[in-house]
Amino acid sequence: MTLIATESLTKVYGGGVTALSDLTVAVEPGIVGLVGANGAGKSTLIKLLLGLLTPTRGRIQVLGLDPTADTAAVRARVGYMPEHDCLPPDLSAAELVTHLGRISGLPRTVARERASEALRHVGLHEERHRPVGGYSTGMKQRVKLAQALVHDPDLLLLDEPTNGLDPAGRDAMLALVQRIGTEFGISVLVCSHLLGEVERICDTLVAIEGGRLLRADHIAAMTSATDVLAVEVSEGTEALATRLAALDLPVGREGRLLLVPLADQGTYDLILGAVAELDLPLHRLDQRRHRVAELFARREHSHA
Amino acid sequence: MPEPTGVIHDIGYQRYTGPRLGRRHVFGALYLHGVRTAFGLGRSAKAKIFPWLVVGIVLLVAAAVTAIRSQIGEVIMTYAQFADAMSWLVIFFVAVAAPELVSRDMRSGVLPLYFSRPLPHADYPLAKLLALATALFLLLGAPQLLMFLGGAFTADGMGAVWDELLDLLPGLLYAGLWAVVFSSVGLLIASLTGKRAFAAGGIVAVFLMTTPIVGILTVLPSQTANQLAGIASPPTLVQGVGLWTMRDLLVTEANTADLDLGPFGPVYALAAVALVAGCVALLLARYKKVAAR
């Protein structure tokens, strides 16, 4: 089953601002990272997924349902953790999460049980009976996560879950999200403007920029294709490039470096052979593992 | 002391396969939560002080009225007059409870948590409105019930108790009218701001600042203006409707009403209906906008 599918999805706000433009993407269940700069359209996409906004054009499906038509059915199966502060300071975490569980349609006693379970899973124990106003940022983020989890959704939408956390808190939150996605069997869409964070935990990465799809793929597909050999020779770079191109190797340039995708171990031999034949002074030859960020950075440059 | 023998097992995450209740139950949960909030239940001790102070005063007044009546055998306040006499307290109660119900949620940013759940955006304000109206009705109705019980026990014979009941029922209906008008106006004002102090001030202002307008209209040389003056302010509007529908119960020898309606009683009733309908429509429009944020 497809987790989220959009087709030419476009959202233009009242003032004529285009938040999403012709977005077509389909993602499978698992942990999905949605990355993009602030204002790229991440929050708009989340609101469309929740049926809080209606698409201007195009179609959107969540868990096989249309959030515009089957709003209640979608929301019963989706949990949402907003980016901003959303906790009333004078209620205890247990009371708040129980109440919100009831609003999600849980019977009274079930809501209470599941609320303390959800809070336990996010790491809040005795402190759950204290008013939220006295919590640290990290604890508040956990309560926000617990309220999204209380009604046992099939999909969690997390908007910048690591916002405002220190490095240790970020790691803990990411580990928690990863656990929810793998052990709990709940699919997760994590929104972030920090690619480095989400790429550590997600299976699929969707990158948007200016309301347009930059790229959507399995993270494995993205990183495996990025192993590259960087070759640097002190002189005769051009000759070597021509020679390698003649050997059917797709050569890229980066300053004085020649970049050759690493197909298999034979690639090494081909390059070394070419350098030896041309009798060039080889300065360096090393393997690079691209981080996903560089992939996007390159694509952005080529767009510009 | 026995040794602890239990071992805590981490049973891991449990999926939920039980029932998920529908819209009616969700509405009910939100409504009950609202009624409790209006009286400060489930809140800090500080939040309980004011509502229960008001409850204490109205019950005390009712008890005093009942006691005096049983001593001197004279009705010093009818059931319907009770609501009129308590109007100031009702206004202050609304000014505290309405912001507690809606402004607080707006301020803390909790609304996205409601509107991302299977709760239609109209249900949230309607449940809150119903909760506030219920709280006001309880505030005005409970003391009347106390007065009725006092009157019924001192009455001679079932016939007198029956007469007493026939006096009580219009009084409760009148309390219901107060509750509906005041809660719809109060909640609309409170829904406009996240600052509770502003909301409370706004509510008191709308209810009390409109009173001078009534005063000015009643001294104008035109008789029509005098008779329509009460429409300008919610409390006098409600009193006007009361006077038109149950003059006997509101105007007694001990308490003559200063409001002269002339032939405009139905106009008061229409104005009250229009005021409530307008407030509810604006409230729904307000939350339609808020929900999409």
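Which of the following residues is in contact with a helix residue (DSSP H, G or I) (Cβ under 6 Å, 6 or more places away or on another chain) and open to solvent by 50 Å² or more (accessible area, probe 1.4 Å): B:V180, B:V161, B:V185?
On the way: B:V161 fails: open to solvent by 50 Å² or more (accessible area, probe 1.4 Å); B:V185 fails: open to solvent by 50 Å² or more (accessible area, probe 1.4 Å).
Residue meeting the stated conditions: B:V180.
Please go through the stretch B:251-293 and give me each residue that is within 14 Å of chain A (Cβ to nearest Cβ), at pLDDT 85 or above and open to solvent by less than 60 Å² (accessible area, probe 1.4 Å), ordered by number.
B:Y287, B:V290
May I ask you to list the residues in the stretch A:269-285 that are open to solvent by less than 60 Å² (accessible area, probe 1.4 Å) and over 17 Å from A:T242 (Cα atoms)?
The answer is A:L285, and nothing else.
Find the residue count for the stretch B:115-129, including only residues that are facing another protein chain (nearest Cβ under 7 Å) and open to solvent by less than 10 Å² (accessible area, probe 1.4 Å). Please lay out each step first, then the result.
Applying the first criterion (facing another protein chain (nearest Cβ under 7 Å)) to the stretch B:115-129 yields B:115-119.
Applying the additional criterion that residues be open to solvent by less than 10 Å² (accessible area, probe 1.4 Å) yields B:115-117, B:119.
Adding up the residues that qualify gives 4.
Inside the stretch A:133-149, can you point out the residues that are charged (D, E, K, R) and in contact (Cβ under 8 Å) with a residue 40 or more places away in the chain?
A:K140, A:K144
Going through the stretch A:138-152 one residue at a time, which ones are more than 12 Å from chain B (Cβ to nearest Cβ) and either farther than 9 Å from A:M81 by Cβ or surrounded by fewer than 24 Cβ atoms within 10 Å (Cβ to Cβ) (or both)?
Of everything in the stretch A:138-152, those that are more than 12 Å from chain B (Cβ to nearest Cβ) and either farther than 9 Å from A:M81 by Cβ or surrounded by fewer than 24 Cβ atoms within 10 Å (Cβ to Cβ) (or both) turn out to be A:G138, A:M139, A:R142.
Considering only residues of the stretch B:13-36 that are open to solvent by less than 20 Å² (accessible area, probe 1.4 Å) and within 10 Å of chain A (Cβ to nearest Cβ), which is farthest from the chain's Cα centre (by Cα)?
B:V26
Enumerate the helices (runs of 4 or more DSSP H) found wholly within the stretch A:180-262, keeping only those where 3 or more residues are among the acidic types (D, E), touching a His at 6+ places or on another chain (Cβ under 7 Å) and within 30 Å of A:D279 (Cβ to Cβ).
Helices (runs of 4 or more DSSP H) meeting the threshold: none at all.
Determine if the stretch A:219-229 includes at least one residue that is in contact with a Ser or Thr (Cβ under 9 Å, 6 or more places away or on another chain) and open to solvent by 50 Å² or more (accessible area, probe 1.4 Å).
Just the residues of the stretch A:219-229 that are in contact with a Ser or Thr (Cβ under 9 Å, 6 or more places away or on another chain), to begin with: A:219, A:229.
Remaining after also requiring open to solvent by 50 Å² or more (accessible area, probe 1.4 Å): none.
Taking every residue of the stretch A:219-229 in turn, none turns out to be in contact with a Ser or Thr (Cβ under 9 Å, 6 or more places away or on another chain) and open to solvent by 50 Å² or more (accessible area, probe 1.4 Å).
Scan (1) more than 10 Å from chain B (Cβ to nearest Cβ); (2) among the basic types (K, R); (3) crowded, with 22+ Cβ neighbours inside 10 Å for the single condition A:R57 breaks and write down its number.
(3)
What are the residues in the stretch A:80-132 that are in contact (Cβ under 8 Å) with a residue 60 or more places away in the chain and more than 8 Å from every other protein chain (Cβ to nearest Cβ), if any?
A:M81, A:E83
Are any residues in the stretch B:37-52 more than 11 Å from chain A (Cβ to nearest Cβ), open to solvent by 90 Å² or more (accessible area, probe 1.4 Å) and within 17 Å of A:S92 (Cα to Cα), and if so, which ones?
none
The values are calculated or read from the model by the stated rules, or taken from the named source; none is laboratory data. All of these numbers come straight from a predicted model, not from anything done at the bench. Quick reminder, even Gly has a Cβ in these numbers, built from the backbone with ideal geometry, and neighbours come from all protein chains shown. Note: areas computed on protein heavy atoms with side chains; ligands, DNA, RNA excluded. Shrake-Rupley method; radii C 1.70, N 1.55, O 1.52, S 1.80 Å.
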